[in-house]
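Below is one structure, written out as structure tokens; the observations come after it.
The values are calculated or read from the model by the stated rules, or taken from the named source; none is laboratory data. For clarity, every value in this text was computed on a predicted model and none was experimentally measured. Here Cβ is always computed from backbone atoms with ideal geometry, including for glycine, and neighbour counts include all displayed protein chains.
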Amino acid sequence: MPHNPDDLQDSLCRAIQLISWCHPRDFVRALHAAWQIEESPAAKAALTQILTNSRMAMLGRRPICQDTGVVNVFLKIGTAVTWTRPPDLTALVNQAVADAYLDQGNPLRASMIVDPLGDRRNSGDNTPAMIHTELVTGDQIEVHVTAKGGGSENKTQFAVLLPGANIADWVVEKLAKMGAGWCPPGVLGIGVGGSVERAMLLAKQSLLGPVDMADLRTKGPQSRIEELRLEIADRVNGLGIGAQGLGGLTTVLDVKIATAPTHAASLPIALIPNCVANRHIGFTLTGKGPTQFEPPRTSDWPEIITAKTDGNIRRVDLNDLNKSDIATWKIGEQLLLSGKMLTGRDAAHRRLCQMLDRGEALPVNLTGRVIYYVGPVDAVRDEVVGPAGPTTATRMDPFTEQMLAQTGLIAMVGKAERGPTAIAAIKKHGAASLVATGGAAFLIAQSIKSSRVLAFADLGMEAIHEFEVVDFPVTVAVDARGNSVHISGIKAWARPPVSAK
């Protein structure tokens with residue numbers, strides 16, 4: 001039966017929209033299992049927010065994470081496939097991406113820039129997609145689509161090892177140094193063999209498989225690859241990194257490994273982590289119309305009910321905050337922020353620091369203020385702001401000393417760890433770095449009660465906004481004495497690897 005190209009385009013568009021707000025069920029089950037066994041209070045709180053956010057995003061049909069990702073499309077087209085009209089597959093896929101990201105009911109954040117070495121102009125519709133096409137036998141079209149966030153993509157690792165190298169040792173070594181910018185807990189994709197570029201593709205494709213580590217533990221390993229999956233999972237979880245890098249029992253929910261024949265002199269290996277915003281779906285077209293996706297079942301999402309802990313959480317008035325207050329904060333402490341908070345990411349920081357270097361007056365007064373590293377999704381309907389989770393704080397490290405020394409800024413909010421240079425600057429100036437939970441963007445946005453652009457409107461989602469927030473949840477990551485929860489928490493929870501029951 002001839003395939004109508006419109007069916008592929010329509011199915012792709014709806015798939016992209018679906019994965020923006022709906023976690024795969026197997027991933028939700030694995031997250032819930034991790035939440036049930038977690039003993040670290042900080043990691044348990046992060047997992048609570050992540051699961052609550054997942055349920056809220058599913059019910060509200062709004063993005064799980066503000067970074068709605070780079071679209072990767074894997075097409076397997078049967079050699080016997082015929083078309084009602086010859087399609088331009090690249091144009092078709094990119095039109096589906098544009099339609100999905102510009103959907104007025106659920107607009108998604110455009111993150112693709114056109115010229116990486118030029119003016120880095122945003123394409124505006126998140127095109128182009130990364131498209132991988134393979135010819136196979138048959139008369140069907142198999143499609144798998146995923147949206148990969150920048151935080152986890154940036155942590156990709158690659159090496160060509162000696163043929164006799166220990167793969168598990170290499171993976172664990174890389175994970176130990178990877179930090180929390182990839183937003184654990186998640187899934188590790190590992191590609192081994194092939195060529196340099198094939199290993200990377202294998203790693204990414206491996207992430208498309210089901211999260212089935214619990215089933216594997218139950219039945220036991222039946223191959224060397226399954227043995228390796230279990231070994232890596234146990235050893236990585238034994239590092240104590242935990243949810244959001246705060247220290248805890250679960251860092252990875254699953255480890256996927258794909259292999260291919262390779263040159264006798266080589267052992268190429270790629271490692272790609274997938275963050276807690278795990279977004280992918282597969283479908284098959286037979287020529288009988290577009291795919292009908294099964295709607296999610298609310299019962300698949302647990303309702304997380306926690307004990308009342310208000311007495312253990314400090315409330316902070318941002319409108320009356322000073323360094324004397326900040327000096328009393330301790331790493332790992334949970335805070336609820338209320339008041340006026342500024343936003344700014346890489347582009348805004350770069351521009352502010354360039355203005356300082358030229359001796360120009362800044363367009364916004366930062367004295368005594370807290371800045372949130374965020375690029376929110378556009379608001380719809382009655383929303384004040386769209387999903388607005390944190391971006392990786394580490395990327396702002398090069399600007400931290402100048403911002404603290406010359407602007408009067410006293411605290412920052414992001415996700416993941418701060419490097420040694422930033423920690424030294426925070427200690428020197430008696431400031432603090434806080435973390436909001438990555439992968440909880442829709443939940444976090446509920447605490448934002450108003451939003452207005454103060455400066456650099458041309459930067460779009462990277463403009464400086466002023467948010468009015470109420471009970472905005474954060475954890476103290478680096479305190480005024482230079483202590484870091486991402487160092488002490490991991491040390492406290494590191495343990496010899498043991499197999500989960």
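Remarks
- Of residues in region 480-501 being among the small types (Gly, Ala, Ser) and either in a loop (DSSP other than H, G, I, E, B) or closer than 16 Å to PRO41 by Cβ (or both), the one modelled with the lowest pLDDT: ALA500
- Residue match in region 350-359 (condition: assigned to a loop (DSSP other than H, G, I, E, B), free of Cβ contacts under 8 Å to residues at least 40 places away in the same chain and in the same structural domain as MET461 (by TED's automatic domain parsing)): yes
- Checklist (1) touching a strand residue (DSSP E or B) at 6+ places or on another chain (Cβ under 6 Å); (2) surrounded by fewer than 16 Cβ atoms within 10 Å (Cβ to Cβ); (3) within 28 Å of ALA45 (Cα to Cα); (4) not hydrophobic (A, V, I, L, M, F, W, C) applied to THR298, failing item: (1)
- Residues located in region 371-413, provided they are crowded, with 23+ Cβ neighbours inside 10 Å, without any contact (Cβ under 8 Å) to a residue 60 or more places away in the chain and of a type in the set (S, T, N, Q): THR400
- Residues that are of a type outside the set (S, T, N, Q) and within 13 Å of the chain's Cα centre (by Cα) were ranked within region 127-178; the one that is nearest to ASN4 (Cα to Cα) is ALA147.
- GLY181 vs. criteria without any contact (Cβ under 8 Å) to a residue 60 or more places away in the chain, touching a strand residue (DSSP E or B) at 6+ places or on another chain (Cβ under 8 Å) and within 29 Å of LEU47 (Cβ to Cβ): no
- Answer from SER338, SER324 - the residue that is over 27 Å from LYS44 (Cβ atoms) and not aromatic (Phe, Trp, Tyr): SER324
- Within the set LEU342, LEU337, LEU362, the sole residue that is at pLDDT 95 or above, outside any helix (DSSP H, G or I) and more than 18 Å from ILE464 (Cα to Cα) turns out to be LEU337.
- Entry remark, region 25-73: residues being within 18 Å of the chain's Cα centre (by Cα), surrounded by fewer than 23 Cβ atoms within 10 Å (Cβ to Cβ) and polar (S, T, N, Q) number 4 in total.
- Among the residues making up region 109-130, those that are within 15 Å of GLU462 (Cα to Cα) and touching a Leu at 6+ places or on another chain (Cβ under 9 Å) are ALA110, GLY124.
- Among the criteria (1) modelled with pLDDT of 95 or more; (2) under 30 Å from ALA492 (Cα atoms), the one GLY179 does not fulfil is (1).
- Filter pass, ILE131 being at pLDDT 95 or above and in contact with a Gly (Cβ under 9 Å, 6 or more places away or on another chain): no
- Condition check for ALA199 on (1) crowded, with 22+ Cβ neighbours inside 10 Å; (2) farther than 19 Å from ILE269 by Cβ: one failure, at (2).
- Residue within region 124-139 that is touching a residue at least 60 places away in the same chain (Cβ under 8 Å), aliphatic (A, V, I, L, M), touching a Lys or Arg at 6+ places or on another chain (Cβ under 8 Å) and buried (at least 18 other Cβ atoms within 10 Å of the Cβ) present: no
- Only residues that are outside any helix (DSSP H, G or I), charged (D, E, K, R) and modelled with pLDDT of 95 or more were counted across region 308-332, and they come to 3.
- Qualifying residue in region 336-344 (condition: more than 21 Å from ILE487 (Cβ to Cβ) and touching a Gly at 6+ places or on another chain (Cβ under 9 Å)): yes
- Selection from region 422-444 of residues that are within 29 Å of ASN126 (Cα to Cα) and out of contact with any Lys or Arg (no Cβ under 8 Å at 6 or more places or on another chain): GLY439, ALA440, ALA441, LEU443, ILE444
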